[in-house]
């Protein structure tokens, strides 16, 4: 290590070798900085999608069959036991009954197709992401027989309505027979609240009380209601589903059946971007090979002298491994520090240079989420690439024959 570090920090080395070493270090540092910054931004975008879209879409929906009667227990006892087991599962924050039905909403500017969610107002207020993104009103206003409705800001703008206005909900699945023929079930609802999650679902989902939704559908809520499960981490749905299936065979619908392709596309884009940037790090790391090969050629005499003094081939290999890793560790260290600093100050830098691309909601900047485990993985993988790049030059140094190297000395 002493000799390897001395070679790496020698001031009288070839200027060309020093030039290659410098750009190898800078290439690794810039590559890691870019990789950490881009990964953090994409983590932020994924987190926003997770919050905005999965804040509206149910994480899990369990079919009503969980309340079927058995020969030993009544339906109420079975359901109570099921809910008690459900609440004790990891990642489960709570549960509530919910009805979902596609329908139409009519406002001042015409009709719009929506997904009507009949919800438990208290549970939504406690567990739903919508409750913390209400622009006007409260979810608690969705009481039974109030015929209130909560809609998204995007839908309110499309229909040109606001809190206090009345809109008409229509469901084609529940028809009424009138002297004019079959008519869809419909009723006027009063807008009691507007939420804004800044997602495309803001214009596609409306919330009403579960009992009001059942009356609109002309059915009993207990016959058609599903159990909505709220998770503290929507990505933990598989573990929760496996646990639920241990004590019920009811059909379970997870959020991936609706929004899975979107998150798969984001994940693939994130992985491909990381791979491309990692190739930059790999190219910079393997520049160390050329620099180290030239160092080995320059130090052939030194290698021969060390061998004649009794140094083994493994020691010679270690010297040049240390020499190459020294530059790699410097590049990785600078890259990690630079990447974290750039990611944390990205919005300030963008504002400083006057760029205004892809602004976030309410004037916010780019979403940045630094995952420290990911940062450490990038650093360790870069060190591994650097180590692999030093193997061949170090091996070739150990193969230098002392007699050949000193023949003309």
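Please determine whether any residue of segment 171-187 is modelled with pLDDT under 85, surrounded by fewer than 16 Cβ atoms within 10 Å (Cβ to Cβ) and not in a strand (DSSP E or B).
Yes: one or more hits.
Show the residue pairs that are 6+ apart or on different chains and have beta-carbon atoms under 9 Å apart, the first residue being within segment 243-263 and without any contact (Cβ under 8 Å) to a residue 60 or more places away in the chain, the second being assigned to a helix (DSSP H, G or I) and buried (at least 16 other Cβ atoms within 10 Å of the Cβ).
From segment 243-263, the pairs are 256/237; 256/263.
Looking only at segment 114-145, which residues are under 27 Å from residue 183 (Cβ atoms) and either touching a helix residue (DSSP H, G or I) at 6+ places or on another chain (Cβ under 6 Å) or at pLDDT 90 or above (or both)?
114, 115, 116, 117, 118, 119, 142, 144
Which numbered condition trips up residue 3, out of (1) at pLDDT 80 or above; (2) under 40 Å from the mean Cα position of the chain (by Cα)?
Just one mismatch for residue 3, condition (2).
Of the residues 262, 279, which is under 30 Å from residue 393 (Cα atoms) and surrounded by fewer than 16 Cβ atoms within 10 Å (Cβ to Cβ)?
279
Can you pull out every residue in segment 190-206 that is more than 15 Å from residue 161 (Cβ to Cβ), at pLDDT 90 or above and crowded, with 19+ Cβ neighbours inside 10 Å?
Hit for segment 190-206 is 205, nothing else.
If I ask for residues that are over 22 Å from residue 122 (Cβ atoms) and part of a loop (DSSP other than H, G, I, E, B), which ones from segment 197-218 would you list?
Residues satisfying the conditions are 198, 199, 204, 218.
Might you check whether a residue that is in the same structural domain as residue 233 (by TED's automatic domain parsing) and out of contact with any strand residue (DSSP E or B) (no Cβ under 9 Å at 6 or more places or on another chain) occurs anywhere in segment 159-170?
no
Only one of these is modelled with pLDDT of 75 or more, touching a helix residue (DSSP H, G or I) at 6+ places or on another chain (Cβ under 6 Å), in a helix (DSSP H, G or I) and more than 30 Å from residue 314 (Cα to Cα): 84, 34, 96. Name it.
Residue meeting the stated conditions: 34.
So which residues in segment 298-329 are outside any helix (DSSP H, G or I) and surrounded by fewer than 20 Cβ atoms within 10 Å (Cβ to Cβ), if there are any at all?
Hits for segment 298-329 are 309, 310, 311, 312.
Counting just the residues of segment 330-370 that are modelled with pLDDT of 85 or more and more than 29 Å from residue 22 (Cα to Cα), which one comes out surrounded by the fewest Cβ atoms within 10 Å (Cβ to Cβ)?
Filtering first and then ranking leaves 369.
Can you tell me which residues in segment 135-150 are in a helix (DSSP H, G or I) and closer than 11 Å to residue 124 by Cα?
139, 140
The values are calculated or read from the model by the stated rules, or taken from the named source; none is laboratory data. Fair warning: this is a prediction, and the values are worked out from it, not measured in the lab. Every residue, glycine as well, gets a Cβ built from its backbone with ideal geometry; the counts of neighbours run over all protein chains shown.
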